[in-house]
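Q: Have a look at the structure that comes next, please.
The values are calculated or read from the model by the stated rules, or taken from the named source; none is laboratory data. Since the structure is predicted, the reported quantities are computational estimates derived from the model, not experimental observations. As a convention, Cβ positions derive from the backbone with ideal geometry for all residues, glycine included, and neighbour counts pool all protein chains shown. Calculation scope for accessible area: heavy atoms of the full protein, side chains included, ligands and nucleic acids excluded. Shrake-Rupley method; radii C 1.70, N 1.55, O 1.52, S 1.80 Å.
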Amino acid sequence: MPKSSKYDNICTFCGSQISYKDILIHGQVGAICENCIKVAQDMVKDMHAENEREELANVKINLLKPKEIKAKLDEYVIGQEEAKKVISVAVYNHYKRILYDAKDDVDIEKSNIILVGETGTGKTLMARTIAKMLDVPFCIADATVFTEAGYVGEDVESILTRLLQAADYDVARAERGIVFIDEIDKVARKGADNPSITRDVSGEGVQQSLLKLLEGSLVNVPPQGGRKHPEQKFTVVNTKNILFIGSGAFNSIDKIIGERMNTNVIGYNTKHKNVDKNNMMQYISAHDLKSFGLIPELCGRFPVITYMNALDAQALRRILVEPKNALVKQYERLFSLDGIALTFEDNALDYIVNKAVELNLGARGLRSIIEKIMTDAMYEFPSMKKKKMSITEDYARTQFEQSVFSDLS
């Protein structure tokens, strides 16, 4: 046995003599006691926290107050007053939670948002406008392409790959970004009334995979996308401060809301007397999303739920001309680049709106209709000497009815 030394029970770091009951870890150049280990551990934690604060200080976020956020949204999104108010508050609280680091033990949870509304009501525009306003990375992911690990399709981690690309692979910026998950209603689990003889690899399993991203965890992300392989190099992304916004049409969910509200009961047992049956979406809750097919754990990770109203003719008319990026302004700018002054008569705008209402495609339908009306003009006018063009109702009707698109109406 080696000859014992009088220094065998002395900590090299603090110089204290350690009794045989206490822990003393020996290394090649000395020994360290358990008290010094605890002190070193606290120092490492403090250093990591300081580094995180420095990284956060370097990531600039142009945070506005809720009223200011809504005022900015009003410049681009017509109507949807309730949704804009709810989203403004949720976004403000989320980034305030990041920027103002709590000194006590109160841990503020994330304010992930879920938007419910028909196609063309402005869900994507709302999220994109907020990301641009705050100057944070933003990406859109389609939930319909995701499958469980091991099946043909994409892993849910590919969402973060898109966010990394939007942040130019700056991990610190990506960890403060916004992820918009579109068509999230398409991953609802199949109910008993919709049996399938094949395994549902794009439903409940995908929801389970999304849980760790939404809650906040360290995720290994393939920087170039694709399936994850053990030999592939990963980038570690912390999703704790990433804001997730889910959106979907949730077709027929108004019937689920109606059943919960018990609006069809005749007699004296009706639960809610003052129910607006023309706008059932305003009563939506997490219980309705659960009944639709989202698992309770996923509903719990989307604490903020809001709805988007269907657009009527008046709202569509305003969308054509009022926002900063209104369609009419876009086409006027396109023609002005060729030195052509383009104008739309009021009757022509009314005709476009009426056709959009018939097709029931929301704001997206406006662009399709105008494109059909303007195609010939955009083809001919750049080669002509005329410097003025006015779109009348007769011209709009003639051009639209000549297109195959008119058969849809």
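Q: So, taking all protein chains as they sit and a 1.4 Å probe, how much accessible area belongs to Met378, in Å² rounded to tens?
A: Looks like 60 Å² after rounding.
Q: Still on this model: Could you tell me the accessible area of Thr12 in Å² (1.4 Å probe, neighbours in place), rounded to the nearest ten?
A: Per-residue accessible area (Thr12): approximately 90 Å².
Q: A further question follows. At a probe size of 1.4 Å, how large is the accessible area of Lys329, to the nearest 10 Å²?
A: 80
Q: To continue, here is another question. What is the sum of charges, Lys and Arg at +1 and Asp and Glu at -1, for the other residues whose Cβ falls under 9 Å from the Cβ of Leu211?
A: On the way: positive: Lys212, Arg301; negative: Glu215, Glu297.
Taking every other residue near Leu211 into account, the sum is 0.
Q: Spelling out what I want: for every residue of region 251-262, take phi, set θ = phi - 60°, compute 6.51 cos²θ - 1.76 cosθ + 1.60 (Karplus), and round to whole Hz; glycine and proline get x.
A: With coefficients 6.51, -1.76 and 1.60, one gets 4, 6, 5, 5, 5, 5, 5, x, 5, 5, 6, 6 Hz.
Q: Just the Cα atoms of region 350-391, one point each, no solvent: what log10 I(q)/I(0) does Debye give at q = 0.15, 0.21, 0.24, 0.30 Å⁻¹?
A: -0.45, -0.69, -0.79, -0.99
Q: What ³J(HN,Hα) values, in whole Hz, does the Karplus curve 6.51 cos²θ - 1.76 cosθ + 1.60 give for region 181-188 when θ = phi - 60°, with x put for Gly and Pro?
A: Calculated HN-Hα couplings, in order: 9, 8, 6, 5, 5, 6, 9, 5 Hz.
Q: Show the residues, 5+ positions off or on another chain, whose built amide H is closer than 5 Å to the amide H of Ser16.
A: Under 5 Å from the amide H of Ser16: Cys11.
Q: Also, quick follow-up: So, counting K/R as plus one and D/E as minus one, what does the shell of residues with Cβ under 14 Å around Val357 add up to? Display every interim value, and only then the final one.
A: Working: positive: Arg317, Arg318, Lys355, Arg364; negative: Glu118, Asp312, Asp350, Glu358.
In short, 0.
Q: Can you give the net charge of the other residues whose Cβ lies under 13 Å from the Cβ of Ser336, counting K and R as +1 and D and E as -1?
A: On the way: positive: Lys329, Arg333, Lys387, Lys388; negative: Glu332, Asp338.
Local net charge: +2.
Q: Further, regarding this structure: Could you list, in their original order, any pairs among Lys96/Lys186; Lys329/Lys355; Lys45/Lys96; Lys186/Lys329 whose Cα atoms are separated by more than 26 Å?
A: Numbers: Lys96/Lys186 32 Å; Lys329/Lys355 20 Å; Lys45/Lys96 23 Å; Lys186/Lys329 35 Å.
Cα-Cα > 26 Å for Lys96/Lys186; Lys186/Lys329; rest within.
Q: Rank by packing, highest mean first: peptides 213-223, 334-344, with packing defined as the count of other Cβ atoms within 10 Å averaged across residues. Before the final figure, lay out the partial values.
A: Details: 213-223: 17.0, 334-344: 14.5.
So the peptides 213-223, 334-344, ranked by packing, come out 213-223, 334-344.
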